[in-house]
Amino acid sequence: MWIQATCSLDFQVSEASPFLFMLRPRSGWHQWVGSEEYTLNPGVPVVEFTDPFGNLCQRLVAPPGEFSVRTSVKVDCAEASDSAPGAPFIEVQQLPNETLPFLLPSRYCESDRFNQMAASIVGDQAPGYDQCVAIVDYIRRTTRYTPGEGADIISATEVNQRSSAVCRDLAHLGIACCRALSIPARMVVGYLENLEPMDLHAWFEAYVGDRWYTFDPTRENLLGARIAIAYGRDAADVAIYTQFGQPATLLAMSVTAKQI
């Protein structure tokens with residue numbers, strides 16, 4: 001199915017400020033970018049590069065005053081994410097090299113602190129996909145999804161001490177528990193069709209059965225088209241924008257994602 005997604009960001013910039021944006025999805029095995037628009041106002045020179053995780057990143061210097069970014073993309077993607085109950089655990093020595101960074105503790109996913117907890121959550125579930133499902137079910141039972149209430153990024157350890165969290169934080173907890181079981185897990189930021197309230201969304205993927213699968217503690221199922229914008233170890237790697245120097249003010253942000 002075809003999804004059109006848009007993102008608009010409006011800033012008030014007090015002085016010329018370097019920005020790093022991550023707003024362009026790339027085509028892959030689960031999504032194909034058919035067309036794309038990317039508009040800056042006022043227009044400024046942009047340098048694009050690919051980061052170590054394959055994300056398309058844009059560098060620019062925003063001038064003082066009002067500065068806006070508008071993106072629109074049409075993507076052909078699946079109506080729902082794949083599931084694979086019973087997909088097996090892959091021994092570490094058999095994992096592809098590119099998955100290994102997603103086994104290690106990271107800034108917001110302190111997986112080395114979750115060994116006992118993760119083992120108790122999965123119990124006697126078959127190693128692999130079924131363990132990931134048990135982790136997601138645990139997060140849903142114990143932590144309420146409260147969109148719009150997560151101004152500060154918190155780590156998996158902090159999430160585990162709270163009764164509510166946003167999508168980004170729930171993903172951190174899922175990632176940490178998966179890695180504690182030697183299952184590679186990574187954060188994904190992107191669009192989810194018909195998300196309510198509409199915003200950019202975060203979920204995680206785990207590598208089992210020789211491929212990456214989607215897991216989302218905020219959803220009861222995997223229905224809904226998803227457009228991935230960025231992948232990383234945790235939220236520090238997938239910020240849609242990073243601004244340096246004198247802080248700029250984000251005046252407004254608008255996101256849409258709907259079938260066309």
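Derivation of every value follows stated rules applied to the coordinates shown; laboratory data play no part. Quantities reported herein were computed from a predicted structural model and do not represent experimental measurements. We place every Cβ from the backbone using ideal geometry, glycine too, and count neighbours over all the protein chains shown.
Note: relative contact order over the stretch 92-222, using C-alpha pairs below 8 Å and six or more positions apart, is 27 percent.
The stretch between Q125 and T242 holds 38.1 nm of extra length on full extension. This uses 0.36 nm per residue minus the Cα-Cα distance.
Listed from fewest to most Cβ neighbours within 10 Å, the set I175, I121 follows the order I121, I175.
Once the Cα-Cα distance is subtracted from the 0.36 nm per residue extended length, the E66 to R162 segment shows a gain of 30.8 nm.
From the phi angles alone, apply the Karplus equation (6.51, -1.76, 1.60; θ = phi - 60°) to the stretch 251-260 and give each ³J(HN,Hα) in whole Hz, x where the residue is Gly or Pro. Karplus values, whole Hz, x for Gly and Pro: 7, 7, 9, 9, 9, 9, 7, 8, 6, 10. Between the Cα long axis of helix 129-142 and the first principal axis of the chain there is an angle of about 70°, rounded to the nearest 10. Cβ crowding within 10 Å ranks E158, E110, E79 as E79, E158, E110, fewest other Cβ atoms first. Length gained on full extension, V46 to N97, computed as 0.36 nm times the residue gap minus the Cα-Cα distance: 15.2 nm. The alpha-carbon atoms of the chain define a convex hull whose volume equals 121 cubic angstrom per residue. In plain terms, the residue of E37, E205 with the fewest other Cβ atoms within 10 Å comes first and the most crowded comes last, giving E37, E205. The H on the amide N of G34, modeled in the peptide plane, is under 5 Å from the matching H of K74, V75, D76, each at least 5 residues off or on a different chain.
Entry note, the stretch 101-160: relative contact order of 45 percent, from Cα contacts under 8 Å with a spacing of 6+ residues. Computed from the Kirkwood radius of its Cα pairs, the Stokes-Einstein diffusion coefficient for the stretch 92-222 at 4 °C and 1.567 mPa s stands at 89 µm²/s. Our summary gives the stretch 1-109 a relative contact order of 39 percent, counting only alpha carbon pairs under 8 angstrom and 6 or more residues apart.
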